[in-house]
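The values are calculated or read from the model by the stated rules, or taken from the named source; none is laboratory data. Keep in mind the model is a prediction, meaning the values are calculated, not measured. Cβ sites come from the backbone with ideal geometry, for glycine too, and all protein chains shown count toward neighbours.
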Ligand SMILES: Cc1ncc(C[n+]2csc(CCOP(=O)(O)OP(=O)(O)O)c2C)c(N)n1
Ligand SMILES: [Mg+2]
């Protein structure tokens, strides 16, 4: 098995490289992605190897990056758009929700909107405003879009390739705080399905579900809980829309308890959706209401205090304790 | 520089340039004042870069090379005017009276604002490129409806000039003949992207297509920037409508302290622009024409030095905010989710209590 250790940033780079090698119609477009290789260096070296026609340094306008990717899709190209930071996707919001999401339908199936919009999302890097947001539920609410998030280098490598090959538009959320963490990447193995969740750690007492940067935090919480005698089953949702509810329900039917973790505030969020769906599916197995550990309902705070906004190990364990406190 | 359209009143060597349309109205003391502003802002900027290197700031966006553009524009404002900056306009903030430590609060990541925008008539920084240009036009429409003789000045970069918001703000300003002046600092780079990717023509030419004047000024010539901006603001105040000013300049430093410009531009280019230093040319004018002596320059340098030391002390004294402050001002009126969050934070022992 050809397995190698690399960072998530490198895994995305390798995944994009492979997608471009496989299909000459794959293009990359974004701000500063060519010569600079992107502010996170995800596209490092790709313009040198594939040329300026395939790795496009865009003029500075997100609406145009996505809008022209739509036109390129109509012409048969698959464009991977890079949005420099989460907070800068909103100028493209109209193109994404009105056109990217709906053109397959409006053209009665003639147009294929096979394009990927990569967004470095979530906080934890000590950045200034607009560089740490979690916009996934805006997109998850829009029919026509799919939203996924990688939490490990291996998933980054495979999920970006699967997303490029997919015929529906994909919002690809990358947990920027994990870009520089290393992990094993299996370069040949058959990857897990793009829309499947994965049990990252098996446990008995409480099912804890999250995605992106929260996965590692949940695993750390599970380590601590173990010491205190509570066994957490940790699930990486991987696909935020659609959700792999079968995998999640199987776990909740076993544990009877549910905690969801996300950096986005909980109103109308992915976490709320998971709790509602699993309550419906697992009503008779649940021994306590599903709890959400989320960002607060305020604009993302200045980063000196972001660690008290983002779900921490302590806040996850507090929710675990509360769910364990219900008698049934 | 061999650019016919470029308004320049002072050559890079500090010699007077006669321009048929613009004439410098400033005397010795005022020019010394502009020089002082530029020296101070450069020194404060360098101090901020070192504070960032020492881990005391999350980020810094240097202004080096653009001092004349910012000070010339900032000093052209009348006290009643209002300005809408992007994120690099430290020089303009200085002219508006914003205390230097307040400019650094955002970069120390202890707030998302930093100063009272009404008090200084200078809005809070805007990071999402181009958003503020529409705010400026809206404010100007308010000025118009109030029948006030005020003008609005808004800042954006060559990169931001490609954003829909900026181009829409041109349409709006023209449509309503709003008393607004658009000040584009073309420092030739938007992170790694050269301005040639944003425009094939001088950015000032864009204004003509929207139906209002566009003027290209040497952004490293503080006298020219001052006169061009002053005239445009005056024109706006008396109903003359919008103007676009393109200040042609250069970003000497990195985009921000997170950036490594050696990856995308050559040193030789930077060196050329260092020879067009905006401070040196005013200094040579002051020496040659006004016989300003060494003591005066030393006094300015000493003042800049002490302001830099004070800035350092002020920044180091900025502690980590109580996390409960994140709930302040999220809404103007009470909100149940905000109350719930505050309560949770206290219960978890993250904060001692309310604010
Ligand atoms: C809408 C939006 N997209 C992307 C960014 C990221 N970004 C920050 S500054 C910058 C370059 C801006 O260049 P320019 O407008 O020339 O201003 P300068 O930095 O040169 O002052 C980019 C791409 C942003 N802040 N806002
Ligand atoms: Mg620029």
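Key figures
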quantity	calculated
Filter pass, residue B:245 being within 16 Å of ligand 1 (Cβ to nearest atom), assigned by TED's automatic domain parsing to the domain that holds residue B:53 and touching a residue at least 40 places away in the same chain (Cβ under 8 Å)	yes
Exclusive hit being within 22 Å of residue B:32 (Cα to Cα), more than 9 Å from chain A (Cβ to nearest Cβ) and assigned to a helix (DSSP H, G or I), set B:343, B:281	B:281
In the stretch B:302-340, the residues that are surrounded by 14 or more Cβ atoms within 10 Å (Cβ to Cβ) and more than 11 Å from every other protein chain (Cβ to nearest Cβ)	B:303, B:304, B:305, B:307, B:308, B:310, B:311, B:312, B:314, B:315
Residues (under 23 Å from residue A:61 (Cβ atoms) and surrounded by fewer than 24 Cβ atoms within 10 Å (Cβ to Cβ)) located in the stretch B:134-161	B:134, B:135, B:138
Criterion violated by residue B:74 - all others in (1) surrounded by fewer than 22 Cβ atoms within 10 Å (Cβ to Cβ); (2) away from ligand 2 (no atom under 16 Å from the Cβ) satisfied	(1)
Filter result for the condition that a residue is within 14 Å of another protein chain (Cβ to nearest Cβ) and within 30 Å of residue B:274 (Cα to Cα), over B:134, B:129, B:153, B:167	B:129
Some residue of the stretch A:43-64 being under 24 Å from residue A:264 (Cβ atoms), modelled with pLDDT of 95 or more and more than 10 Å from chain B (Cβ to nearest Cβ)	no
Qualifying residues in the stretch B:190-207 (those that are more than 13 Å from residue B:162 (Cα to Cα) and at the interface with chain A (Cβ under 10 Å from one of its Cβ atoms)) - the one nearest to ligand 2 (Cβ to nearest atom)	B:191
Residue in the stretch B:140-180 that is farthest from residue B:74 (Cα to Cα), counting only those that are away from ligand 2 (no atom under 16 Å from the Cβ) and within 18 Å of the chain's Cα centre (by Cα)	B:180
Unmet requirement for residue B:331, which otherwise passes all of (1) farther than 17 Å from residue A:305 by Cβ; (2) touching a residue at least 12 places away in the same chain (Cβ under 8 Å)	(2)
In the stretch B:150-191, the residues that are within 8 Å of ligand 1 (Cβ to nearest atom) and assigned to a strand (DSSP E or B)	B:156, B:157, B:185, B:186, B:189, B:190
Which numbered condition residue B:223 fails, given (1) outside any strand (DSSP E or B); (2) buried (at least 22 other Cβ atoms within 10 Å of the Cβ); (3) within 12 Å of ligand 1 (Cβ to nearest atom)	(3)
Conditions (1) farther than 14 Å from residue B:69 by Cβ; (2) in contact with a helix residue (DSSP H, G or I) (Cβ under 7 Å, 6 or more places away or on another chain); (3) within 16 Å of ligand 2 (Cβ to nearest atom); number of the one not met by residue B:242	(3)
Breaking point among (1) closer than 16 Å to residue B:59 by Cβ; (2) at the interface with chain A (Cβ under 9 Å from one of its Cβ atoms); (3) touching a helix residue (DSSP H, G or I) at 6+ places or on another chain (Cβ under 6 Å), for residue B:104	(2)
Residue B:204 assigned by TED's automatic domain parsing to the domain that holds residue B:278, more than 17 Å from the chain's Cα centre (by Cα), within 16 Å of ligand 1 (Cβ to nearest atom) and outside any helix (DSSP H, G or I)	no
Contacts under 7 angstrom Cβ, first residue in the stretch A:81-101 being at the interface with chain B (Cβ under 10 Å from one of its Cβ atoms) and more than 23 Å from residue A:19 (Cβ to Cβ), partner part of a helix (DSSP H, G or I) and more than 16 Å from ligand 2 (Cβ to nearest atom), 6 or more apart	A:88/A:62; A:91/A:62; A:91/A:63; A:91/B:164; A:94/A:63
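Residue-by-condition table, conditions (1) touching a residue at least 24 places away in the same chain (Cβ under 8 Å); (2) over 19 Å from the mean Cα position of the chain (by Cα); (3) surrounded by fewer than 24 Cβ atoms within 10 Å (Cβ to Cβ):
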{"position": "A:173", "(1), (2), (3)": "yes, no, no"}
{"position": "A:186", "(1), (2), (3)": "yes, yes, yes"}
{"position": "A:192", "(1), (2), (3)": "yes, no, yes"}
{"position": "A:210", "(1), (2), (3)": "yes, no, no"}
{"position": "A:221", "(1), (2), (3)": "yes, yes, no"}
{"position": "A:226", "(1), (2), (3)": "no, yes, yes"}
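A quick yes/no check of all residues on (1) under 24 Å from residue A:160 (Cβ atoms); (2) buried (at least 24 other Cβ atoms within 10 Å of the Cβ); (3) in contact with a helix residue (DSSP H, G or I) (Cβ under 6 Å, 6 or more places away or on another chain); (4) modelled with pLDDT of 95 or more:
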| residue | (1), (2), (3), (4) |
| --- | --- |
| A:237 | yes, yes, no, yes |
| A:242 | yes, no, no, yes |
| A:281 | no, no, yes, yes |
| A:290 | no, no, yes, yes |
| A:296 | no, no, yes, yes |
| A:301 | no, yes, yes, yes |
| A:304 | no, no, no, yes |
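Listed here are the residues, each with its yes/no results for (1) in contact with a helix residue (DSSP H, G or I) (Cβ under 6 Å, 6 or more places away or on another chain); (2) outside any loop (DSSP other than H, G, I, E, B); (3) within 14 Å of chain B (Cβ to nearest Cβ); (4) buried (at least 22 other Cβ atoms within 10 Å of the Cβ).
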{"residue": "A:67", "(1), (2), (3), (4)": "yes, yes, yes, no"}
{"residue": "A:108", "(1), (2), (3), (4)": "no, no, no, no"}
{"residue": "A:113", "(1), (2), (3), (4)": "yes, no, no, yes"}
{"residue": "A:124", "(1), (2), (3), (4)": "yes, no, yes, no"}
{"residue": "A:138", "(1), (2), (3), (4)": "no, yes, no, no"}
